[in-house]
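*Asks:* Just passing along the structure, written as structure tokens.
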Amino acid sequence: MYNHKSIEQKWQKYWDKTGLFKTRNNKKKYYILDMFPYPSGSGLHVGHPEGYTATDIVTRYKMMKGYNVLHPMGWDSFGLPAENYAIKTKIHPKETTNNCIKKFKEQIKSIGFAYDWDREVATSDRDYYKWTQWFFLFLYKNGLAYRKEAPVNYCDNCKTTLANEQVIQGNCERCKNTVHQKNLTQWFFKITDFAEDLITGLDKLDWPNSTKISQKNWIGKSIGAEIDFQIENHKDILSIYTTRIDTIFSGTFIVMAPEHPLINKITTKEYIENVQKYQKTSSMKNEIERTDMNKDKTGVFTGAYAINPANGDRMPIWISDFVIASYGSGAVFADAHDERDFEMAKKYGIPLKVSLKAKNDDPELWEKIRKFEVCYTDDGILVNSNEFDGLTSSEARERITKHFEEKGCGRKKIQYKLRDWLVSRQRYWGAPIPIIYCPICGEVPVPEKDLPVTLPTDVDFLPTGESPLKDSKEFNQVKCPKCGNSEARREVDTMDTFVCSSWYFFRYTDPKNKEVFASEENIHQWLPVDMYVGGAEHTVLHLLYSRFFTKSLHRYKLIDFDEPFISLRHQGIILGEDNEKMSKSRGNVINPDDIINEYGADTLRLYEMFIGDFSQSKPWSMKGIEGCSKFLHRVWRLFDKSDNNGPSKDIEKLAHKSIKKVSHDIENFRFNTAISTLMIFTNALYKEKTVSKKSLETLTILLSPFAPHISEELWERLGYKESIINTKWPEYIEELAKDDNIEMVIQVNGKVRDKIIVPHNISKEEALNKAKNTEKIKKHCNNRDILKEIYVPGKIINIVIS
């Protein structure tokens, strides 16, 4: 009888005892990696094991194919999720985090995943965050980490600053609270230095196209021009970036971001009160609110003017919150050919000019454009633009930019929407930033020999909006390492948890090393990661940041590759049975412990891979679970029919087809169709009076990556003493794996007109003869002359007729 509880416990103990999944150094390498979890108090739900099961299947398959596989697991244990749970339970985050890690590890082990636990890491361990701090110093010493005052995203609920990538539609990605902007002095990483590399590097990666597009859109490359506008009665020059230099002759006013550094300098006394009031109101809005195209456009006049370098016109300078300081130059020249500018001018009675008409020269449309009844925003033909009249927009952009370059007041420029990564956090549970402030020496990096800067325990970790570390005597009693001044103080902000996860894949290659974050030898042996699996929600967070870290190391010749993950796959979300995302509030969360207890880990693994396409979202179904359980019981009973005879010809052919299909599907993450193939093979074996040992061996090996516990037990029943993982993956014979019959498409003049089923080894002459004699093809040819016959073996016949 198949008893999943005793069988699974037996083999999990065996794997632990024998260290079967530890990496070795004598074979070709394959590094497969999961995005490591943050250990929350609620433990795993059935959505978590989906990606882990996929990597485990590939791990076992690759090991049986002769690879030395690195398949590690660890814990993203610093950051807001762990800290918020500690705040909720009023227990120190170190204790709650360690308890959560213990629970997660027990659950993961109960599913039988082939991890090398000797390589386990946790980002909150001193031996780990020592090297997170090393990375900060590495970036700092190379000019890629800096501190400045800037408008930053701030979440009142989490009481901390956030990177742009952590603000989703104006809300905090963690708590969903509205984010607003504050002027604060904070630490940034100069990811913008790598903007172009981050775009071009995507072309060589085997990643989902949607992920590549999302990263490119976030980086936001645009090619335009930067034009200098002289501010009247000031020495200051206002440089404005634009992609629409073709409309500059219709520019009638300037709009600057309320937080632009020149505003307070150029605003006249009579307008200063209005400007300051508007600045205060704008600071309370998030970026989504400010840039919403449907919102009413507001603004105030500064009393200042700039000169349009195209025609010498005076242009009043306004401020409006639809302009963002961090985009472009924080200012735009406004004209009649931009909807936001057009609406604002209409509202406040600012004069407009037209410099474009439609290419189709529609008189009715031109009349509406000329009378400002419509805002024409497309490319067009230039008018009222001096010597550039009659040019198309694309021609004009080149010519006008060159004109300003010759005048010395403009230049071609490539601009990126990407902004530097804000890494300061005013929270407790994170890696301390290794900087000391000295009244004599100023900003001083902590010497590498003094790392780690240990996170203190003598603090109240409840968030207040300021870092709790500022009140720690233990933490702040420090002398300047440069001059010895005892009045020095430490930086009290901690690092964004995404800093910790931007390099963890390096540490897995050499997790016990106390001298470097990973040795050159181990990095060279294992990296880059061959296959990375995780959620698409980290497209412009973790995935972008990890690429930045890797490119930084490569720039300074510490590594010989510049991309961390060669291949990437995203798993779809497993929804509740109500087709909604699993959450406690909906009451639709499925605990994997319950499934394992009742049906077994193998059933859970099999079902999660069989439920649907790996990359797509799909609802959970208890009926589906029961179906997978019945299948495993059916496989178990099949071994009662074992004999020592060889397989029949038909079974042998099906075995080779199954080997080919399952192998191909594992390589391509098509796990659901691989399992379907195993079910078809099993059903065919059931129809036999007896089943050969050879056939049962093939079935067991093919099943083993998906359901390893039952496969180990059945392998033992077949008389083998070594683990099935040490068995070579079977090879298939191509001739036997071919289908006896194939479907061929028949076209007439390139259009599909019929399909025929023919033997796979049919000759060209036989195939053409059969194709031309079907009723549909006879009808379409209708006795007309055949000019050409195109034959693609096994696929298409195209008959070209007069």
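*Asks:* Restricted to segment 14-34, and to residues that are in contact with a Phe, Trp or Tyr (Cβ under 9 Å, 6 or more places away or on another chain) and of a type in the set (D, E, K, R), which residue is modelled with the lowest pLDDT?
*Replies:* In this case the residue turns out to be LYS27.
*Asks:* Just to verify a result, which residue in segment 105-119, among those that are within 14 Å of GLY74 (Cα to Cα) and out of contact with any Ser or Thr (no Cβ under 9 Å at 6 or more places or on another chain), is surrounded by the most Cβ atoms within 10 Å (Cβ to Cβ)?
*Replies:* If we take residues in segment 105-119 being within 14 Å of GLY74 (Cα to Cα) and out of contact with any Ser or Thr (no Cβ under 9 Å at 6 or more places or on another chain), then ILE108 is surrounded by the most Cβ atoms within 10 Å (Cβ to Cβ).
*Asks:* Could I ask something else about it? If PRO37 meets every condition in (1) open to solvent by 90 Å² or more (accessible area, probe 1.4 Å); (2) at pLDDT below 95 apart from one, which number is that one?
*Replies:* The failed condition is (1).
*Asks:* How many residues does segment 760-800 contain that are more than 13 Å from VAL745 (Cβ to Cβ), among the aliphatic types (A, V, I, L, M) and within 51 Å of the chain's Cα centre (by Cα)?
*Replies:* Result for segment 760-800: 3.
*Asks:* Then there is this: When the residues of segment 611-631 are filtered to those that are touching a Gly at 6+ places or on another chain (Cβ under 9 Å) and crowded, with 21+ Cβ neighbours inside 10 Å, which remaining residue is nearest to VAL691 (Cα to Cα)?
*Replies:* SER629
*Asks:* Additional query: Just to verify a result, which residue in segment 120-161, among those that are part of a helix (DSSP H, G or I) and open to solvent by 10 Å² or more (accessible area, probe 1.4 Å), is nearest to SER283 (Cα to Cα)?
*Replies:* If we take residues in segment 120-161 being part of a helix (DSSP H, G or I) and open to solvent by 10 Å² or more (accessible area, probe 1.4 Å), then TYR140 is nearest to SER283 (Cα to Cα).
*Asks:* When LEU606 is evaluated against the numbered criteria (1) at pLDDT 95 or above; (2) of a type outside the set (S, T, N, Q); (3) part of a loop (DSSP other than H, G, I, E, B), which criterion, by number, is the only one it fails?
*Replies:* (3)
So that you can scan it fast, the table gives a plain yes or no per residue for (1) assigned to a helix (DSSP H, G or I); (2) within 21 Å of CYS628 (Cβ to Cβ):
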position: ILE701; (1), (2): yes, yes
position: PRO705; (1), (2): no, yes
position: GLY719; (1), (2): no, no
position: GLU722; (1), (2): no, no
position: TRP729; (1), (2): no, no
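*Asks:* Within segment 313-323, does at least one residue satisfy the condition of being in contact with a Pro (Cβ under 9 Å, 6 or more places away or on another chain), farther than 24 Å from GLU232 by Cα and not acidic (Asp, Glu)?
*Replies:* no
*Asks:* Among the residues of segment 93-102, are any open to solvent by 10 Å² or more (accessible area, probe 1.4 Å), touching a residue at least 24 places away in the same chain (Cβ under 8 Å) and closer than 22 Å to PHE565 by Cα?
*Replies:* No, there is no match, as no residue in segment 93-102 is open to solvent by 10 Å² or more (accessible area, probe 1.4 Å), touching a residue at least 24 places away in the same chain (Cβ under 8 Å) and closer than 22 Å to PHE565 by Cα.
*Asks:* Those residues that are touching a strand residue (DSSP E or B) at 6+ places or on another chain (Cβ under 8 Å) and either under 19 Å from THR252 (Cα atoms) or at pLDDT 95 or above (or both), I need them from segment 352-369; list them, please.
*Replies:* Of everything in segment 352-369, those that are touching a strand residue (DSSP E or B) at 6+ places or on another chain (Cβ under 8 Å) and either under 19 Å from THR252 (Cα atoms) or at pLDDT 95 or above (or both) turn out to be SER355, LEU356, LYS357, ILE369.
*Asks:* When only residues in segment 270-291 that are of a type in the set (A, V, I, L, M) and in a helix (DSSP H, G or I) count, which is farthest from GLY170 (Cα to Cα)?
*Replies:* Going through the qualifying residues, I end up with ILE272.
*Asks:* Here is a follow-up. Output the strands (runs of 3 or more DSSP E) that fall wholly within segment 381-474 and possess 2 or more residues being open to solvent by 50 Å² or more (accessible area, probe 1.4 Å) and more than 26 Å from ALA358 (Cα to Cα), or say none.
*Replies:* 410-416
*Asks:* Kindly establish whether ASP613 is under 20 Å from GLN571 (Cβ atoms), of a type in the set (D, E, K, R), under 27 Å from the mean Cα position of the chain (by Cα) and assigned to a loop (DSSP other than H, G, I, E, B).
*Replies:* Here the answer is yes, as ASP613 does meet what is asked.
*Asks:* Where residues in segment 550-598 are open to solvent by 60 Å² or more (accessible area, probe 1.4 Å) and β-branched (Val, Ile, Thr), which of them is farthest from VAL516 (Cα to Cα)?
*Replies:* Per the stated criteria, the residue is VAL589.
*Asks:* Here's another thing I want to ask about it. Output the residue which, of all residues in segment 518-549 that are touching a strand residue (DSSP E or B) at 6+ places or on another chain (Cβ under 9 Å) and of a type in the set (Val, Ile, Thr), is farthest from PHE135 (Cα to Cα).
*Replies:* VAL533
*Asks:* Residues PRO81, PRO39: which one is out of contact with any helix residue (DSSP H, G or I) (no Cβ under 8 Å at 6 or more places or on another chain) and either closer than 18 Å to ASP125 by Cβ or aliphatic (A, V, I, L, M) (or both)?
*Replies:* After ruling out the rest, the residue left standing is PRO81.
*Asks:* The conditions are (1) open to solvent by less than 10 Å² (accessible area, probe 1.4 Å); (2) within 40 Å of the chain's Cα centre (by Cα), and PHE253 fails exactly one of them. Which is it?
*Replies:* Here PHE253 meets the rest and fails (2).
*Asks:* So, THR281, is that one of a type in the set (Val, Ile, Thr) and open to solvent by 10 Å² or more (accessible area, probe 1.4 Å) or not?
*Replies:* yes
*Asks:* For segment 652-673, state whether one or more residues are within 15 Å of PHE706 (Cα to Cα), of a type in the set (Lys, Arg), in a loop (DSSP other than H, G, I, E, B) and open to solvent by 20 Å² or more (accessible area, probe 1.4 Å).
*Replies:* Yes, segment 652-673 contains at least one residue that is within 15 Å of PHE706 (Cα to Cα), of a type in the set (Lys, Arg), in a loop (DSSP other than H, G, I, E, B) and open to solvent by 20 Å² or more (accessible area, probe 1.4 Å).
*Asks:* For segment 176-188, how many residues meet the condition of being free of Cβ contacts under 8 Å to residues at least 60 places away in the same chain and within 23 Å of the chain's Cα centre (by Cα)?
*Replies:* 2
*Asks:* Can you pull out the residues in segment 559-591 that are in contact with a His (Cβ under 7 Å, 6 or more places away or on another chain) and either touching a residue at least 60 places away in the same chain (Cβ under 8 Å) or among the polar types (S, T, N, Q) (or both)?
*Replies:* Listed by number, the residues that qualify are ASP562, MET582, VAL589, ILE590, ASN591.
*Asks:* Separate question: Filter segment 196-222 for residues that are over 19 Å from GLY535 (Cβ atoms) and open to solvent by 50 Å² or more (accessible area, probe 1.4 Å) and give the result.
*Replies:* Matches in segment 196-222: GLU196, ASP197, THR200, ASP203, LYS204, LYS216, LYS221.
The values are calculated or read from the model by the stated rules, or taken from the named source; none is laboratory data. Since this is a predicted model, take the numbers as computed values, not measurements. Every residue, glycine as well, gets a Cβ built from its backbone with ideal geometry; the counts of neighbours run over all protein chains shown. We work out accessible area using only protein heavy atoms, side chains counted, and drop any ligands, DNA or RNA first. Shrake-Rupley method; radii C 1.70, N 1.55, O 1.52, S 1.80 Å.
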